[in-house]
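Contents: one structure, followed by commentary.
None of the figures in this text is laboratory data; all of them are computed from the coordinates on show. What you see is a predicted model; the values in this text were computed from it and never measured. For neighbour counting, all protein chains shown are included, and Cβ atoms are generated from backbone atoms with ideal geometry for every residue, glycine included.
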Amino acid sequence: MDRQAYTDWAKRAGQALIPILITLTCAVAAPAPLVVAVDTGTEMPMAGFVDGQLSEGFHKELGEALASKLGREASFLLLPRKRIAMALDAGQADLICLYLPPWLPGNFQWTQGFFPVAEVVVTDTSVPQPHTLRDLSGQQIATVLGYYYPEFDAALGQGFKRDDGYSSSGNLRKLAAGRLHHVITQQNTLDYYIKVGEKLSLYPPLVVKHYKAQCAVSPKGHVSIFEVNKAIDQIVRDRSVSKIISNYQSRLR
């Protein structure tokens, strides 16, 4: 092969390699997406679904905010509640947020609490107004299947009569239909339901507790607990969390 032929061959070979090198470089440079698990039984304002896709809600905006701080794209894995722990344990999802450890047993690492939540009991005005948890002893209270309510267990003991449903919004619909008189829910969920759901005649909510929800991080995921906590610090400091909540509150006015 003479010099010119070799030069031409080398040029063609180099040109053929360019797309391959670009592809390899992109593959190396692009981090894996942040896979966020979301319970398909969740309703607004926590999560809204359209055609089997997560379209809005706290889970979506929070997942996108965390992914941005982690330098990743957010991907949402929608699962029934009973499969979430298995997905995290297997590394199919990196994390799930807006949970507490008693709700999700398993070998997961838990972030700091950061998302403010108020747990309340609402009662319709067809029955006497409860002023303390003890006033609810022996009465059916709508609860969410799989959720743990330590304050009620402590205050009522055997007098805590659960009526498990699949979601807080579903329980509020039972209340509107007159099927029960008391519902444990979150203030954000109640506010949203009052705006978009059936009309309810309620006493002022009885506040059970204020707490800060956390994220459970998979031991086999793409991100560490340190990285997620750092991202949480950032979205708290830049007020992303406050903006997510206030945006929904503004929509309800």
Practice prompt. Please give every one of the aspartates and glutamates within straight-line cross-link reach of LYS174, meaning a C-alpha to C-alpha distance under 17 Å, and leave out same-chain neighbours fewer than 8 residues apart.
Written response: GLU43, ASP124, ASP163, ASP164, ASP191, GLU198
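Rounded to the nearest 5, what % of DSSP beta bridges with both residues in the chain are antiparallel?
Around 65 percent antiparallel, to the nearest 5.
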Worksheet entry | For q = 0.14, 0.21, 0.23 Å⁻¹, Debye-computed log10 I/I(0) when each Cα of segment 193-238 counts as one equal scatterer | -0.65, -0.81, -0.88
Fill in: Crossing angle, helix 58-69 versus the chain [Cα axis fit, 0-90 degrees, rounded to tens]
40
Worksheet entry | Total charge dipole magnitude, the chain, about the Cα centre, Cβ charges on Lys, Arg, Asp, Glu only, Debye to nearest 20 | 180
Worksheet item: Cα axis of helix 240-251 to longest principal axis of the chain: angle in degrees, 0 to 90, nearest 10?
Response: 60
Worksheet entry | Near-label residues of segment 40-83 by backbone N, under 14 Å of a point 7 Å along Cα→Cβ of LYS243 | 61-69
Item to complete: Could you pull out every residue, at least 5 positions away or on a different chain, whose amide H is within less than 5 Å of the one on GLY91? Hs are placed 1.01 Å off N in the peptide plane, and Pro or chain starts have none.
Response: LYS220
Worksheet item: In terms of Cα to Cα distance under 16 Å, which lysines are near enough to LYS82, apart from those fewer than 8 places away along the same chain?
Response: none
Discussion item. Computed from the coordinates I sent, percent of Cα pairs over 35 Å apart equals one of (1) 28; (2) 8; (3) 16. Tell me the label.
Written reply: (1)
Practice prompt. Relative to the longest principal axis of the C-alpha atoms of the chain, give the angle of the C-alpha long axis of helix 187-196, reported between 0 and 90° and rounded to the nearest 10°.
Written response: 90
Practice prompt. Take the Cβ-Cβ distance between GLN112 and LYS209 as r, set R0 to 25 Å, and report the resulting FRET efficiency rounded to the nearest 0.05.
Written response: 0.90
Item to complete: Starting with the fewest neighbours, write out ASP124, ASP233 ranked by other beta-carbon atoms found within 10 Å of each beta-carbon.
Response: ASP233, ASP124
Discussion item. Counting only helical runs of four or more DSSP H residues, what would the 222 nm mean residue ellipticity of the chain come to if each run contributes -39,500 (n - 2.57) and the total is spread over all its residues?
Written reply: -12500 deg cm²/dmol
Worksheet item: Taking the Cα centre of segment 116-211 as the origin and placing charges on Cβ (Lys, Arg +1; Asp, Glu -1), which of ILE194, GLN129, ILE184 is farthest toward the positive end of the dipole?
Response: ILE194
Response to the item:
Quick calc, segment 116-211, dipole around Cα centre from Cβ unit charges on Lys, Arg (+) and Asp, Glu (-), nearest 20 debye, gives 180
